[in-house]
Number of protein chains: 2
Amino acid sequence: MTESDLSVVHLTPGRWGDPAHPVELPAAAVGALQHLGVRRPATGPVDPVDRPGLTDEQLGFLTEVVGADHVKTDLETRWGHTRGYSTPDLLRHRAGDTTDMPDAVVYPGSHAEVQALLAACSSHHLAVVPYSGGTSVVGGLAAERRFITVDVQRLDQLVAIDEVSRTATLQAGVRGPAAEALLAERGYTLGHFPQSYEGASIGGYAAARSSGQSSAGYGRFDQMVVGLTLATPRGTIETGRAPMSAAGPDLRQLVLGSEGAFGIITSVVVRIRPRPAERHFEGWRFEDFSSGLTAIRRLAQNGPLPTVLRLSDEAETAVNLADPDVLGGGSGGVLAIVGFDGPYNAKTADVLTATGGQNLGEGPGELWRVGRYRAPYLRDPLLDEGALVETLETAGFWSKLPQLKAAVTEAVVKSLTDQGTPPLVLCHVSHVYETGASLYFTAICAQTDDPVAQWRMAKAAASAAIAAAGGTISHHHGVGTDHRDAYAAEIGPLAVEALQAVKKALDPDGVMNPGILLTSS
Amino acid sequence: MTESDLSVVHLTPGRWGDPAHPVELPAAAVGALQHLGVRRPATGPVDPVDRPGLTDEQLGFLTEVVGADHVKTDLETRWGHTRGYSTPDLLRHRAGDTTDMPDAVVYPGSHAEVQALLAACSSHHLAVVPYSGGTSVVGGLAAERRFITVDVQRLDQLVAIDEVSRTATLQAGVRGPAAEALLAERGYTLGHFPQSYEGASIGGYAAARSSGQSSAGYGRFDQMVVGLTLATPRGTIETGRAPMSAAGPDLRQLVLGSEGAFGIITSVVVRIRPRPAERHFEGWRFEDFSSGLTAIRRLAQNGPLPTVLRLSDEAETAVNLADPDVLGGGSGGVLAIVGFDGPYNAKTADVLTATGGQNLGEGPGELWRVGRYRAPYLRDPLLDEGALVETLETAGFWSKLPQLKAAVTEAVVKSLTDQGTPPLVLCHVSHVYETGASLYFTAICAQTDDPVAQWRMAKAAASAAIAAAGGTISHHHGVGTDHRDAYAAEIGPLAVEALQAVKKALDPDGVMNPGILLTSS
């Protein structure tokens, strides 16, 4: 099975995956959780209670733009568009908390309709939250005031393909598997496989600077984009007349990562590549994380890079591999996953061997491939059991990575231990560059009585540690509301003013995603 | 000889290279020019006449910041900082035209002094033109009102080198050869060799999105930058905590290409690579430009890319190769230059052979290497002879390149022929990407009585053709004043407003490079 064979999965917030097919935890996992003090909570999920919505005047102008069929105000649709997929989001959802629920969900059918919607919302002072896959894990869908959601799912077309230039124009609402299926019909792939692949879509990839599991071979999403179209309350911006240009700042890189604060990305021109005839995934064992880090840095700096390159630390290796025999029977050690789109590259293997790696063959690679999108699905059953599981991530330059990893781990362990819930903290590197790499952390512990506040404290400690150790507050999750203050501190007050000035120019009434990315002042 | 062996050449405007060692045209070239109707003009260069400069109050606050030794108001220094190196710049210089001459040249010695200077100039409403190498060919040094020049040449340090992360922190005033020499001491190279290499410096590379002759291997300068420090009238912005980040828009890409309109880049953190032990340059012959284009596109899309990859069209091949035997004795055909930093890659050669290329060996490659920075030096003697020679460039997606090339060539030929001076128009591709490439044009013809107006007409026709054919107004020369209107049309009024808003936030008094990149409204 390849990525494009996957059917599009309908994601229901609060329940990653199809609620008709709940994921169950393995019995062994339940036992392991008990060691962390995890106990099943006394109460289950609470149903949301509706509240008054839009005025007739507001419904009127929305209907005028997109037609009555494409304005939904029922509770089920609105509740289904409430928040994203962070653990606090899931917890608030379980509590029936409707504070971040949109007053309507509107489905425009074209760029022109998006443009008209934003202009109308601006003149009516009605806040707008753009919605593509809805998979934000950083509070990217929680505006600071009442709002409507603009869901771009009807913008689901492959508009054009240029086989000579190897570019494709995809609309914002095309989900990952659909994009791959559309491109596969012509023999191409986008090569973008983030963990949110089954749910996230093109517009969100662009707006939040997504990075996929094949980033070593295909690059990040922001590196694939050669052009994009942005609808703002004041009109449309179109960028990208050439792969690269010296005509001023790169405006694509101003829109990428803007998270809906300037407008809605309605389509993107992306670089595509021929679909590989074969794929290989292997496991490699290193003595410890430090030696594995040296090996993957060697590949990132001197090549040849594989398509997928990830390295788990000792803790993640131990948790993910119930069967230590996978690591060649040796005790300890860490696991790296190395994947190739296209022919196997023996030179990559030579570098890994020369830097102390032990080839474990395709077994662990296939295990990883099959489970690569599964982790988020486990969160709901884990929450059911009373466990708190959440991830956070950063990136930095190679020389700072060991210290960055240690500082974040220590901060999370200390915060949660101080709260009486000592955690397991796992880490891996999954995106490499010549000058540095990402670090991705998973924390698992027992829930306290107020798990949202519990995680908020741990997250604040981690964010402070990231800042102190010189990392960025996010490598691929984005800013949303969760990282907004840390982001402002990271770029500094003058850069925040510059971005606020851009926002003011494009969104003078401040209706676009108020409070997300930037404070709504 | 390698790049770092070159001593730093002092560039005198109006005379590319050292005036003590003027370059002479080969006799054969003079004969060829006569066929174009070129006649030596009756009058030679005119000396500039000075005019009143700064007030005592203005001199006072400048001196207070940098010290009296670092404020120059003599005519020679100011005239030496007047304009850049476009042909119209050289022509106006020859005419003794002082309209774009700074009232003073100030040499700050640190980031803090640059910062203090800009704050003081802002509060005194004194316009500032940043100056690093002074090699702009797009009017990047010609502000719209009277100004002082801030020359960053004293910021000439390699501040730090991080060998694990392979990054170096270089100050803005480090020129190309000095950067290579400083890095070579530690065994590294930046790999950035634009034609302006001998004169341009780090700050200008960043501010104007330079691209060097080894871009196929090392990328553009904007792809090498992982961090930068920008002094603005309102304070400092520091960017780049990681190779890549999802924390908002990429602010590095907002500063890169801002051409001094937001502030002065005082230092840059760049990716470095080990200095290659060997270099190889080869010539390859293709039947025609179209088949050569297919070959280099194949390499850009499927690899393996060499370090240098350039393809001349039939006209440029004929002009540059006085000896047709270099092309293997065959008649016609076009020349490609293929260079490798490090070992020769036979797989690259295989792709070129498979796509119809004929290997001409190292002879033409070495000829190109030796002459790679020479072309600009020929302009002065050409102007002496009465010839008009100028270049312009663009970039676009592969599928549009043939049409883009034809449209620009036709526009330049028509405009100059209509003016009674039929030109030769030569073209090459020197920068390739997966999705497209650059096109670089050289036009040669006889001067009319008003060669500045003559070229302005031809350039306007070329710019209109670029816009109509979907190219960008500049791949690596930048915007300056020459491309400002075309740039505004290219990005559209709303994007211009967004950039003006950024400028207003960082430079509320509009003292930074007024009229360059953006109109000063």
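Residues B:Ala160, B:Ala168: which one is out of contact with any Ser or Thr (no Cβ under 9 Å at 6 or more places or on another chain) and part of a strand (DSSP E or B)?
Details: B:Ala160 fails: out of contact with any Ser or Thr (no Cβ under 9 Å at 6 or more places or on another chain).
The unique qualifying residue is B:Ala168.
If B:Arg92 satisfies all but one of (1) assigned to a helix (DSSP H, G or I); (2) within 15 Å of B:Ile148 (Cβ to Cβ), what's the number of the condition it fails?
Of everything listed in (1) assigned to a helix (DSSP H, G or I); (2) within 15 Å of B:Ile148 (Cβ to Cβ), B:Arg92 misses just condition (2).
Condition (residue is over 16 Å from B:Gln171 (Cα atoms), open to solvent by 10 Å² or more (accessible area, probe 1.4 Å), assigned to a loop (DSSP other than H, G, I, E, B) and within 9 Å of another protein chain (Cβ to nearest Cβ)) applied to the range B:252-269: is it met by at least one residue?
Yes.
Would you pick out the residues in the range B:223-237 that are more than 7 Å from every other protein chain (Cβ to nearest Cβ), closer than 23 Å to B:Val114 by Cα and not polar (S, T, N, Q)?
Those that are more than 7 Å from every other protein chain (Cβ to nearest Cβ), closer than 23 Å to B:Val114 by Cα and not polar (S, T, N, Q): B:Val225, B:Gly227, B:Leu228, B:Leu230, B:Ala231, B:Pro233.
Which number in (1) within 18 Å of A:Gly227 (Cβ to Cβ); (2) more than 14 Å from chain B (Cβ to nearest Cβ) marks the one condition that A:Ala184 misses?
So the condition that A:Ala184 fails would be (1).
When you scan the range B:328-446 for strands (runs of 3 or more DSSP E) that lie fully inside it, which ones turn up with 1 or more residues that are within 14 Å of chain A (Cβ to nearest Cβ), of a type in the set (Phe, Trp, Tyr) and crowded, with 16+ Cβ neighbours inside 10 Å? I'd like the intermediate steps shown before the answer.
Numbers: elements: B:334-341, B:358-361, B:387-397, B:424-429, B:436-446.
Where strands (runs of 3 or more DSSP E) fall fully within the range B:328-446 and carry at least 1 residues being within 14 Å of chain A (Cβ to nearest Cβ), of a type in the set (Phe, Trp, Tyr) and crowded, with 16+ Cβ neighbours inside 10 Å, they are B:387-397, B:436-446.
Consider A:Ala120 against the criteria (1) farther than 29 Å from A:Lys504 by Cβ; (2) touching a helix residue (DSSP H, G or I) at 6+ places or on another chain (Cβ under 7 Å): it satisfies all of them except one. Which criterion is unmet?
All conditions pass for A:Ala120, except number (1).
Give me the residue from the range A:451-472 that is more than 10 Å from chain B (Cβ to nearest Cβ) and open to solvent by 40 Å² or more (accessible area, probe 1.4 Å) and, out of that set, farthest from A:Val138 (Cα to Cα).
So the residue we want is A:Ala468.
Determine which single condition B:Glu316 fails, assuming it passes every other condition in (1) at pLDDT below 95; (2) open to solvent by 20 Å² or more (accessible area, probe 1.4 Å); (3) part of a helix (DSSP H, G or I).
Condition not satisfied by B:Glu316: (2).
Consider A:Arg310 against the criteria (1) in a strand (DSSP E or B); (2) within 13 Å of chain B (Cβ to nearest Cβ); (3) out of contact with any Leu (no Cβ under 8 Å at 6 or more places or on another chain): it satisfies all of them except one. Which criterion is unmet?
Result: A:Arg310 passes all but (2).
Within the range A:473-520, how many residues are more than 7 Å from chain B (Cβ to nearest Cβ), open to solvent by 10 Å² or more (accessible area, probe 1.4 Å) and either in contact with an Asp or Glu (Cβ under 8 Å, 6 or more places away or on another chain) or of a type in the set (S, T, N, Q) (or both)?
4
Here is a yes/no grid of residues against (1) out of contact with any helix residue (DSSP H, G or I) (no Cβ under 9 Å at 6 or more places or on another chain); (2) at pLDDT 95 or above; (3) more than 30 Å from A:Gln223 (Cβ to Cβ):
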{"site": "B:Gly328", "(1), (2), (3)": "yes, no, yes"}
{"site": "B:Val338", "(1), (2), (3)": "no, yes, no"}
{"site": "B:Thr348", "(1), (2), (3)": "no, yes, no"}
{"site": "B:Ala354", "(1), (2), (3)": "no, yes, no"}
{"site": "B:Thr394", "(1), (2), (3)": "no, yes, no"}
{"site": "B:Trp398", "(1), (2), (3)": "no, yes, no"}
{"site": "B:Glu410", "(1), (2), (3)": "no, yes, yes"}
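Regarding B:Gly203, is this residue within 18 Å of B:Gly140 (Cβ to Cβ) and not in a loop (DSSP other than H, G, I, E, B)?
yes
Just to verify a result, which residue in the range A:207-216, among those that are open to solvent by 10 Å² or more (accessible area, probe 1.4 Å) and within 12 Å of chain B (Cβ to nearest Cβ), is nearest to A:Arg298 (Cα to Cα)?
Result: A:Ser215.
Filter the range B:10-58 for residues that are of a type in the set (D, E, K, R), at pLDDT 85 or above and either open to solvent by less than 40 Å² (accessible area, probe 1.4 Å) or part of a loop (DSSP other than H, G, I, E, B) (or both) and give the result. Even if it seems obvious, please write down each step before you answer.
Kept after step one, since they are of a type in the set (D, E, K, R), are these residues of the range B:10-58: B:15, B:18, B:24, B:39-40, B:47, B:50-51, B:56-57.
Add one more test, that the residue is at pLDDT 85 or above, and what stays is B:39-40, B:47, B:50-51, B:56-57.
Residues satisfying the conditions are B:Arg39, B:Arg40, B:Asp47, B:Asp50, B:Arg51.
Within the range A:349-393, work out how many residues are in contact (Cβ under 8 Å) with a residue 12 or more places away in the chain, within 21 Å of A:Asp288 (Cα to Cα) and not aliphatic (A, V, I, L, M).
Qualifying residue count for the region: 12.
Sort out which residues of the range A:270-288 are among the hydrophobic types (A, V, I, L, M, F, W, C), open to solvent by less than 20 Å² (accessible area, probe 1.4 Å) and either more than 12 Å from chain B (Cβ to nearest Cβ) or in contact with a Gly (Cβ under 7 Å, 6 or more places away or on another chain) (or both), and write them in order of number.
Quick first cut of the range A:270-288, residues among the hydrophobic types (A, V, I, L, M, F, W, C) only: A:270, A:272, A:277, A:281, A:284, A:286.
With open to solvent by less than 20 Å² (accessible area, probe 1.4 Å) added as a condition, the list becomes A:270, A:272, A:281, A:284, A:286.
The answer is A:Phe281, A:Trp284, A:Phe286.
So which residues in the range B:226-242 are open to solvent by 10 Å² or more (accessible area, probe 1.4 Å), within 24 Å of A:Gly260 (Cα to Cα) and part of a loop (DSSP other than H, G, I, E, B)?
B:Gly240, B:Arg241
In this structure, is B:Ala142 surrounded by fewer than 21 Cβ atoms within 10 Å (Cβ to Cβ), within 18 Å of the chain's Cα centre (by Cα) and of a type outside the set (Lys, Arg)? Quick ask: steps written out before the conclusion?
On the way: surrounded by fewer than 21 Cβ atoms within 10 Å (Cβ to Cβ): no; within 18 Å of the chain's Cα centre (by Cα): yes; of a type outside the set (Lys, Arg): yes.
Answer is no for this residue.
Checking the conditions here, which among B:Gly257, B:Gly240 is out of contact with any strand residue (DSSP E or B) (no Cβ under 7 Å at 6 or more places or on another chain) and at positive phi?
Numbers: B:Gly240 fails: out of contact with any strand residue (DSSP E or B) (no Cβ under 7 Å at 6 or more places or on another chain).
Of the residues listed, the single one that is out of contact with any strand residue (DSSP E or B) (no Cβ under 7 Å at 6 or more places or on another chain) and at positive phi is B:Gly257.
Which of the residues that make up the range B:73-132 are among the acidic types (Asp, Glu) and farther than 19 Å from B:Pro52 by Cβ? Lay out the reasoning, then the answer.
Here is the first cut: in the range B:73-132, the residues among the acidic types (Asp, Glu) are B:74, B:76, B:89, B:97, B:100, B:103, B:113.
B:Asp89, B:Glu113, listed by residue number.
Among B:Gly204, B:Gly187, which is the only one that is open to solvent by 10 Å² or more (accessible area, probe 1.4 Å) and at negative phi?
Sole residue among the options that is open to solvent by 10 Å² or more (accessible area, probe 1.4 Å) and at negative phi: B:Gly204.
Taking the range B:56-92 on its own, how many of its residues are without any contact (Cβ under 8 Å) to a residue 40 or more places away in the chain and hydroxyl-bearing (Ser, Thr, Tyr)?
Of the residues in the range B:56-92, 3 are without any contact (Cβ under 8 Å) to a residue 40 or more places away in the chain and hydroxyl-bearing (Ser, Thr, Tyr).
Sort out which residues of the range A:66-78 are open to solvent by less than 40 Å² (accessible area, probe 1.4 Å) and outside any strand (DSSP E or B), and write them in order of number. Break it down into steps so the answer makes sense when it comes.
First pass over the range A:66-78, keeping only residues open to solvent by less than 40 Å² (accessible area, probe 1.4 Å): A:66-67, A:71, A:77-78.
Passing the criteria: A:Val66, A:Gly67, A:Thr77, A:Arg78.
For the condition of a type in the set (Gly, Ala, Ser), without any contact (Cβ under 8 Å) to a residue 40 or more places away in the chain and open to solvent by 40 Å² or more (accessible area, probe 1.4 Å), what is the one hit in A:Ala112, A:Ala95, A:Ala116?
A:Ala112
Filter the range B:149-177 down to residues that are more than 14 Å from every other protein chain (Cβ to nearest Cβ) and open to solvent by 30 Å² or more (accessible area, probe 1.4 Å) and give me whichever is farthest from B:Glu393 (Cα to Cα). Even if it seems obvious, please write down each step before you answer.
We begin by selecting, within the range B:149-177, every residue more than 14 Å from every other protein chain (Cβ to nearest Cβ); these are B:149-159, B:170-177.
Narrowing the set further to residues that are open to solvent by 30 Å² or more (accessible area, probe 1.4 Å) leaves B:153-154, B:156-159, B:171, B:175.
On the way: B:Gln153: 28, B:Arg154: 32, B:Asp156: 30, B:Gln157: 32, B:Leu158: 32, B:Val159: 34, B:Gln171: 28, B:Arg175: 23 Å.
Result: B:Val159.
The values are calculated or read from the model by the stated rules, or taken from the named source; none is laboratory data. Since the structure is predicted, the reported quantities are computational estimates derived from the model, not experimental observations. Every residue, glycine as well, gets a Cβ built from its backbone with ideal geometry; the counts of neighbours run over all protein chains shown. Ligands, DNA and RNA are stripped out before the accessible areas are found, and what is left, the full protein with its side chains, is counted by its heavy atoms. Shrake-Rupley method; radii C 1.70, N 1.55, O 1.52, S 1.80 Å.
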